[in-house]
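Written out below as C-alpha cells is the structure these notes cover.
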Amino acid sequence: MTGVGSTEPAGSGGADMRGAGAGNGLYEAIQAERAKYPEGSRSATLHALRLAQEEHGWLSPDALREVADALEVTPAYCKAVATFYDMYHLAPVGTHLVEVCTNLSCALAGAQRVVDAFASELGVAPGETTGDGEVTFRTVECLGGCGYATVVAVDHRYRQFVGPDDVPAIVEELRAGS
C-alpha cells in the first residue's frame with residue numbers, strides 16, 4: 001500500500017524509486033538531512049530542494065521527482081514549495097545570476113530604473129538569460145535589504161544602494177569573470 005501512512009513513496013508500488021540520481025549521492029544526502037527531523041515530517045523539503053539544485057543547477061521535473069522520491073512526497077508537493085521561493089530555479093539559469101529586488105523599499109529607491117538599466121546592458125528582459133548563456137537576469141520580490149535599497153544580488157552576493165549608473169560596471173565585472 002502506498003500513500004498516507006505508508007513508508008513507500010506514492011506511486012512506487014513498493015519499488016525503489018530513487019530515480020536516475022540514485023548512486024550520485026543526492027538521495028543519500030537528502031536522507032542524511034531528513035534524519036535530522038521528526039519521522040514523517042516534511043521539514044527537510046527546503047534543504048532537499050537546495051541540494052538538488054546544487055547538483056543539477058536547477059530544479060527540472062526529474063530533479064523534483066528525485067527529491068519527492070527521497071522525501072516520500074509527490075513531485076507536485078516539491079514543485080509547490082519550490083515555486084513559492086525565489087531562491088529555487090524551475091528553469092535553467094546562466095553561469096551568473098543577477099537579481100534585482102523590486103519590493104516596496106527598493107521600488108521607492110528606484111528599482112525600476114535599475115531593472116531597466118540591466119535590461120539595456122544585458123539585452124534581455126527580466127526572467128531571461130543572455131544568448132551566450134552567461135547571465136540570467138531576474139526581478140525578485142524581496143532580498144531582505146530594505147535599509148540598503150536598491151539591493152541587487154549578483155551570484156548570491158548582495159550589492160547595496162545600487163543605482164542605474166552602477167549597472168554598466170556590474171555587467172562589465174560579470175563579463176570579465178570577476
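The values are calculated or read from the model by the stated rules, or taken from the named source; none is laboratory data. Everything quoted here is computed from the prediction, not taken from an experiment. Counting neighbours? That spans all protein chains shown, and the Cβs are built from the backbone with ideal geometry, glycine included. What goes into the accessible areas is simple: the full protein's heavy atoms, side chains included, and nothing from ligands, DNA or RNA. Shrake-Rupley method; radii C 1.70, N 1.55, O 1.52, S 1.80 Å.
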Just to confirm my filter: which strands (runs of 3 or more DSSP E) fall fully inside the stretch 124-178 and include at least 1 residues that are under 15 Å from the mean Cα position of the chain (by Cα) and without any contact (Cβ under 8 Å) to a residue 24 or more places away in the chain? 157-159
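Answer yes or no as to whether THR130 is at pLDDT 95 or above, hydroxyl-bearing (Ser, Thr, Tyr), surrounded by 15 or more Cβ atoms within 10 Å (Cβ to Cβ) and closer than 27 Å to GLU66 by Cα.
Numbers: at pLDDT 95 or above: yes; hydroxyl-bearing (Ser, Thr, Tyr): yes; surrounded by 15 or more Cβ atoms within 10 Å (Cβ to Cβ): yes; closer than 27 Å to GLU66 by Cα: no.
Considered against the rule, which asks whether it is at pLDDT 95 or above, hydroxyl-bearing (Ser, Thr, Tyr), surrounded by 15 or more Cβ atoms within 10 Å (Cβ to Cβ) and closer than 27 Å to GLU66 by Cα, THR130 comes out as no.
What number of residues within the stretch 152-178 are aromatic (Phe, Trp, Tyr) and in contact with a strand residue (DSSP E or B) (Cβ under 8 Å, 6 or more places away or on another chain)? Steps first, answer last, please.
Initial filter on the stretch 152-178 (aromatic (Phe, Trp, Tyr)): 158, 161.
Retained after the next criterion (residues that are in contact with a strand residue (DSSP E or B) (Cβ under 8 Å, 6 or more places away or on another chain)): 158.
Here the count works out to 1.
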Do you know which residues across the stretch 134-158 are more than 21 Å from PHE84 (Cβ to Cβ) and of a type in the set (S, T, N, Q)? THR150
Complete set of residues in the stretch 25-80 that are basic (Lys, Arg) and more than 21 Å from VAL93 (Cα to Cα): ARG34, LYS36, ARG42
Odd one out for VAL154 among (1) within 30 Å of THR45 (Cα to Cα); (2) among the hydrophobic types (A, V, I, L, M, F, W, C); (3) open to solvent by 50 Å² or more (accessible area, probe 1.4 Å): (3)
Among (1) within 26 Å of GLU141 (Cβ to Cβ); (2) modelled with pLDDT of 95 or more, the one test that ASP69 misses: (1)
What's the number of the condition GLU141 fails, among (1) modelled with pLDDT of 95 or more; (2) closer than 26 Å to LEU46 by Cα; (3) surrounded by fewer than 17 Cβ atoms within 10 Å (Cβ to Cβ)? (1)
Enumerate the pairs (first residue in the stretch 86-102 and under 13 Å from VAL152 (Cα atoms) and at pLDDT 95 or above; second residue anywhere and in a strand (DSSP E or B) and open to solvent by 50 Å² or more (accessible area, probe 1.4 Å)) with beta-carbon separation below 7 Å, excluding pairs fewer than 6 apart on the same chain, so at least 6 apart or on different chains. VAL100/THR139; THR102/THR139
Taking the criterion of being in contact with a helix residue (DSSP H, G or I) (Cβ under 8 Å, 6 or more places away or on another chain), outside any helix (DSSP H, G or I), over 19 Å from GLY144 (Cα atoms) and at pLDDT 95 or above, would at least one residue in the stretch 112-123 satisfy it? no
Of the residues in the stretch 3-50, those that are in contact with a Lys or Arg (Cβ under 7 Å, 6 or more places away or on another chain) and either at pLDDT below 50 or over 16 Å from ASP62 (Cβ atoms) (or both) number 2
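Report, by residue number, each residue of the stretch 157-178 that is surrounded by 11 or more Cβ atoms within 10 Å (Cβ to Cβ) and of a type in the set (Gly, Ala, Ser).
GLY163
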The stretch 110-123, residues that are out of contact with any Phe, Trp or Tyr (no Cβ under 8 Å at 6 or more places or on another chain) and either without any contact (Cβ under 8 Å) to a residue 24 or more places away in the chain or open to solvent by 30 Å² or more (accessible area, probe 1.4 Å) (or both): GLN112, ARG113, ASP116, SER120, GLU121, GLY123
